[in-house]
Amino acid sequence: LEFWKRRRAVIAYDWDLIDWEEEEEEIRPQFEAKYSKKERMNPISGKPEPYQAFADKCSRLIVSASGIFFMICVVIAAVFGIVIYRVVTVSTFAAFKWALIRNNSQVATTGTAVCINFCIIMLLNVLYEKVALFLTNLEQPRTESEWENSFTLKMFLFQFVNLNSSTFYIAFFLGRFTGHPGAYLRLINRWRLEECHPSGCLIDLCMQMGIIMVLKQTWNNFMELGYPLIQNWWTRRKLRQEYGTQRKTSFPQWEKDYNLQPMNAYGLFDEYLEMILQFGFTTIFVAAFPLAPLLALLNNIIEIRLDAYKFVTQWRRPLASRAKDIGIWYGILEGIGILSVITNAFVIAVTSDFIPRLVYAYKYGPCAGQGEAGQKCMVGYVNASLSVFLVSDFENRSEPTSNGSEFSGSPLKYCRYRDYRDPPHSPVPYGYTLQFWHVLAARLAFIIVFEHLVFCIKHLISYLIPDLPKDLRDRMRREKYLIQEMMYEAELERLQKERKERKKNGKSYHNEWP
């Protein structure tokens, strides 16, 4: 973002927009028609203008905020539906007759759930655009820029929550509230809540992000180019049927251009929104899916050429308008940057095994108390991360179908599961061990230290990197100096001419400058 500030300054200077300020905006016709009966004096122009009462404005904002909250609840309900699907399907796939699906039931569940989630995301996006448009018009913004900012914020909020809610669930909630053997938490007292893959939740999170990112980018590129191509083909077909092939080829160029597809009603809004959502995807969970920036780079290389082809051959020439920056989008980018620091801190501390391994190496491993943490210090980590469970303590509905004698020759009395809990014969059976509380404290400490460190580095970088490049600052100062010189020379020349004219006319003054 700091380097973008510098790039923006160079572009604004090249287009002579550094000191350009938008003129006083005209009031939207809808606002004027709604509030034309109540007027007040504009403090700047001194002319009467329509006025929206404070109570009316607050009531409209409250209704709009309620609509936003309701739509976010719809997203959460959709995520809950996906959770129920995963809970029900994982047991179905585990009992499937095909060995391939039965042995990979968790992967199959995650893959199908992500694809269904993607379809829900795309369907809700269509609904969100209509809801955001309705809520923005309900607010009755005074000017076009206020309308655009309000609509932009709503659309981003809707689509961001829609796109990332399931990812947040997998990263921070999946497998956290399932209970333990003998006391599993169940949905409607029937289905066990889903747990993470034995290797951890990062596999599920990585699969979720990879599938959604690839599918969304592919779909966006198809809609951006394929949809105008199909529309233009249909238009050409109708023209051939109406005028014939010979007549169509004799059309003047302006008429051929007019038959192309018009630019969408929101201008570059969709392009900005796509890039902002992609920026969020590549930063918020980059610790869990490091390939995201590479996929974004490949997509953007392709998209640049697709957009160039679309603007030149498929769309009518858009109308240009002045803008000195990207407006509210920069504030949204800064918000995503802050959120990404927080989420990556939680991903590293909570979702990954980084902190448990670190605690084991320094506190419980072979090198405990020695102040070192190498590969040899991790010996016994897997055993320390597993707790002991007495098989006879299983619930009736969770009892295994066999006693394990076919594997060991004798019935198994104990099994292991991933958690930090006391053994069954301890004073508090299956209570949390001291190691659990050490890991929890270390996770909280890491989150606090990581966030403060990264934010300090962020502010240091923003302080060290100037908003204007040195050569641009020198050019601007040189330009200012030349303008002052020209003004000084022009004023000096004017005074000299006046002095010569006075001398020629025989007039002189005692207080003249020499």
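The values are calculated or read from the model by the stated rules, or taken from the named source; none is laboratory data. Predicted model only: the values in this text are computed from it and were never measured. Glycine also receives a Cβ, built like all others from the backbone with ideal geometry; neighbour counts cover every protein chain displayed. The area values use the complete protein model at the heavy-atom level, side chains included, leaving out ligands, DNA and RNA. Shrake-Rupley method; radii C 1.70, N 1.55, O 1.52, S 1.80 Å.
Of note:
- Nearest 10 degrees, 0 to 90: helix 269-284 Cα axis against the chain principal axis: 40
- Note on the chain: Cα-Cα pairs beyond 36 Å make up 55% of the total pair count.
- Neighbourhood charge, 14 Å Cβ-Cβ cut-off, centred on SER64 and excluding it, Lys, Arg +1 and Asp, Glu -1: 0
- Here the gap between ALA323 and ILE457, fully extended at 0.36 nm per residue and compared with their Cα-Cα distance, gives a gain of 45.1 nm.
- The C-alpha atoms of the chain define a longest principal axis, and helix 202-221 lies at about 40 degrees to it.
- Based on Cα contacts under 8 Å between residues 6+ apart, the range 200-351 shows a relative contact order of 39 percent.
- Summary value for the range 52-195: 27 percent relative contact order, contacts being C-alpha pairs under 8 angstrom separated by 6+ residues.
- Applying 1/(1 + (r/R0)^6) with R0 = 60 Å to the Cβ-Cβ distance of GLU406 and LEU298 gives a FRET efficiency near 0.75.
- Cα gyration tensor shape of the range 1-131, rounded if a/c is under 1.5, else prolate or oblate by comparing a/b with b/c: oblate
- Distance (nanometres) between label positions extended 7 Å along Cα→Cβ at LYS47 and ILE448: 5.9
- Taking the chain and dividing mean pair separation by its residue count, relative contact order in percent (alpha carbons under 8 Å, at least six apart): 14
- Solvent-accessible surface (1.4 angstrom probe) belonging to LYS256, in square angstrom, nearest 10: 90
- From the alpha carbon centroid of the range 305-322 to that of the range 202-251 is 15 Å.
- Average accessible area per residue (Å²) across the chain - probe 1.4 Å, nucleic acids and ligands excluded: 63
- In this Cβ point-charge picture (+1 for Lys and Arg, -1 for Asp and Glu), the range 278-342 has a dipole of about 400 debye about its Cα centre.
- Of the peptides 28-40, 295-307, the ranking by mean beta-carbon count within 10 Å, highest at the top, reads 295-307, 28-40.
- Straight-line reach from LYS310: taking Cα to Cα under 23 Å and skipping same-chain neighbours fewer than 8 places apart, the lysines in range are LYS216, LYS238, LYS248, LYS256.
- Proximal lysines to LYS34, defined as alpha-carbon separation beneath 24 angstrom and excluding residues fewer than eight positions away on the same chain: LYS47, LYS57, LYS130, LYS154
- The magnitude of the dipole of the chain, with charges of +1 and -1 set on the Cβ of Lys/Arg and Asp/Glu and taken from the Cα centre, is near 660 debye.
- Centroid-to-centroid separation of the range 118-195 and the range 406-474 [C-alpha atoms, Å]: 26
- Summary of packing: across the peptides 145-155, 415-425, the per-residue average of other C-beta atoms within 10 Å ranks them, highest first, as 145-155, 415-425.
- One decimal place: the segment THR112-ARG236 gains 40.6 nm when fully extended, by the rule 0.36 nm per residue minus the C-alpha distance.
- The chain - percent of accessible surface contributed by carbon and sulfur, probe 1.4 Å: 63
- Rounded to the nearest 10 degrees, the angle from helix 2-14 to the longest Cα principal axis of the chain is 20 degrees.
- Over the chain, DSSP H runs of length four or greater, each weighted -39,500 (n - 2.57), average out per residue to a 222 nm ellipticity of -20500 deg cm²/dmol.
- In nm, spacing of pseudo-spin labels at ILE338 and HIS425 (7 Å Cα→C-beta vector): 5.5
- Placing unit charges on the Cβ atoms of the charged side chains and taking the dipole of the chain about its Cα centre, the candidate lying farthest along the positive direction among ASN299, ALA171, TYR430 is ASN299.
- Peptides 391-402, 458-469 ordered by average Cβ neighbours within 10 Å, highest first: 458-469, 391-402
- Free-standing Cys, the chain [no other Cys Cβ under 4.7 Å]: CYS58, CYS73, CYS115, CYS119, CYS206, CYS415, CYS456
- Which of THR218, PRO228, GLN278, positive extreme of dipole for the chain (C-beta unit charges): PRO228
- For the pair VAL88 and PHE3, a Förster radius of 35 Å applied to the C-beta separation gives a FRET efficiency near 0.15, rounded to the nearest 0.05.
- Rounded FRET efficiency, nearest 0.05, which uses the C-beta distance separating PHE80 from TRP437 and R0 of 25 Å: 0.20
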